[in-house]
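Here is the structure we will look at, set down as structure tokens.
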Amino acid sequence: MTWIIDTHSHILPGLDDGASDMQESIRMLRQAGQQGIRGVIATPHYSGRFPNICPDRIRRLCREVQAQARARLKTEIQIWPGQEIMYSEDALSLLEEEKLLTIAGTRYVMVEFLPAAPYSYIFSAVRELTLAGYRPVLAHAERYQALREEGRLEELKKQGACVQLNFRPAGGKWHQGTARWCRKILRRGLADFLGTDMHNTEGRGPETERAVRWMEKELSSSYIEAVLKRNAMGLLEGKEI
Ligand SMILES: [Fe+2]
């Protein structure tokens with residue numbers, strides 16, 4: 001199996017509902033490493049509940065967690081700074097004031113919406129960000145009811161959005177609606193990235209294996225490599241993917 005870059009995680013301690021302290025960050029990264037994850041994009045929340053508007057703190061914690069993980073786990077794991085931005089009216093101006101982080105200093109921006117957000121709202125957000133020169137990455141795209149309608153994901157991609165799915169629902173049971181939707185999107189080659197969205201080591205730990213097993217049975221090895229690693233490498237270099 002190819003190794004993985006995790007594009008969505010809450011591994012930084014004390015910033016949101018993810019890792020509560022450095023010990024937990026390291027335990028999460030140990031579990032992630034056991035599943036073949038060699039690089040992690042840290043995406044702490046920006047939302048009403050977690051108003052993280054201090055990019056220097058996020059960058060510093062990335063360096064600290066990476067150093068600690070390398071020393072304690074004896075790995076070469078890489079951690080990049082990013083953010084999961086709950087889209088709101090002020091998101092764009094905060095990005096331009098550099099109070100919110102893009103992914104690893106590129107023009108890619110991870111955005112999330114409420115699960116019941118209307119399609120028109122998601123579409124306008126994507127347009128607003130792309131017109132300002134950003135490349136929106138839809139965080140856990142499987143979560144939005146409005147995107148279940150045929151053709152909408154394609155339309156957002158045409159507007160410049162990228163699509164990230166979470167491993168856990170993609171690896172769900174065949175009878176679960178969300179698992180089926182994720183698999184349809186993967187079969188059509190519409191997903192660009194997969195992420196663990198790990199928050200801790202128990203209920204919401206990294207959980208890639210079931211999804212990867214399904215992918216290995218159903219998808220081409222070239223596409224698997226793209227969604228697990230190659231697209232993320234392109235993103236981190238600021239390339240068009
Ligand atoms: Fe998240």
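The values are calculated or read from the model by the stated rules, or taken from the named source; none is laboratory data. The model shown is predicted, which means the values in this text are computed figures rather than measured ones. Cβ placement follows ideal geometry from the backbone for every residue including glycine, while neighbour counts extend to all protein chains displayed. We work out accessible area using only protein heavy atoms, side chains counted, and drop any ligands, DNA or RNA first. Shrake-Rupley method; radii C 1.70, N 1.55, O 1.52, S 1.80 Å.
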Of the criteria (1) surrounded by fewer than 13 Cβ atoms within 10 Å (Cβ to Cβ); (2) assigned to a helix (DSSP H, G or I), which one Gly234 fails
(1)
Of the residues in segment 20-30, those that are more than 11 Å from Gln68 (Cβ to Cβ) and in contact with a strand residue (DSSP E or B) (Cβ under 8 Å, 6 or more places away or on another chain) number 1
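When you check Ser20 against the structure, is it among the small types (Gly, Ala, Ser), out of contact with any helix residue (DSSP H, G or I) (no Cβ under 7 Å at 6 or more places or on another chain) and either more than 16 Å from the ligand (Cβ to nearest atom) or closer than 21 Å to Phe113 by Cα (or both), yes or no?
Working: among the small types (Gly, Ala, Ser): yes; out of contact with any helix residue (DSSP H, G or I) (no Cβ under 7 Å at 6 or more places or on another chain): yes; either more than 16 Å from the ligand (Cβ to nearest atom) or closer than 21 Å to Phe113 by Cα (or both): no.
No.
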Tell me which of these Ala179 doesn't satisfy, since it passes every other one: (1) within 16 Å of the ligand (Cβ to nearest atom); (2) more than 30 Å from Met22 (Cα to Cα).
(1)
Scan of segment 9-38 for residues that are crowded, with 17+ Cβ neighbours inside 10 Å and touching a His at 6+ places or on another chain (Cβ under 7 Å), ordered by number
His10, Asp16, Gly18, Ala19
Quick count over segment 120-173, residues being more than 15 Å from the ligand (Cβ to nearest atom), open to solvent by 10 Å² or more (accessible area, probe 1.4 Å) and either in a helix (DSSP H, G or I) or more than 19 Å from Gly189 (Cα to Cα) (or both), is 20
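Being among the acidic types (Asp, Glu) and surrounded by 19 or more Cβ atoms within 10 Å (Cβ to Cβ) is the filter; apply it to segment 188-206 and report the residue that is nearest to the ligand (Cβ to nearest atom). Walk me through how you get there before you give the answer.
First pass over segment 188-206, keeping only residues among the acidic types (Asp, Glu): 192, 197, 202.
With the extra rule that they be surrounded by 19 or more Cβ atoms within 10 Å (Cβ to Cβ), the set shrinks to 192, 197.
Working: Asp192: 16, Asp197: 4 Å.
Out of the qualifying residues, it is Asp197.
Confirm whether Asp17 is within 17 Å of the chain's Cα centre (by Cα), farther than 21 Å from Ala71 by Cβ and not small (Gly, Ala, Ser). First the steps, then the outcome.
Details: within 17 Å of the chain's Cα centre (by Cα): yes; farther than 21 Å from Ala71 by Cβ: yes; not small (Gly, Ala, Ser): yes.
So Asp17 fits the description; yes.
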Does at least one position in segment 110-119 carry a residue that is at pLDDT 95 or above, within 25 Å of Ala226 (Cβ to Cβ), open to solvent by 10 Å² or more (accessible area, probe 1.4 Å) and within 15 Å of the chain's Cα centre (by Cα)?
yes
Could you go through segment 28-42 and let me know if any residue there is without any contact (Cβ under 8 Å) to a residue 24 or more places away in the chain and not polar (S, T, N, Q).
no
Restricting segment 39-54 to residues that are of a type in the set (A, V, I, L, M, F, W, C) and within 19 Å of the chain's Cα centre (by Cα), the residue that is most open to solvent (accessible area, probe 1.4 Å):
Ile53
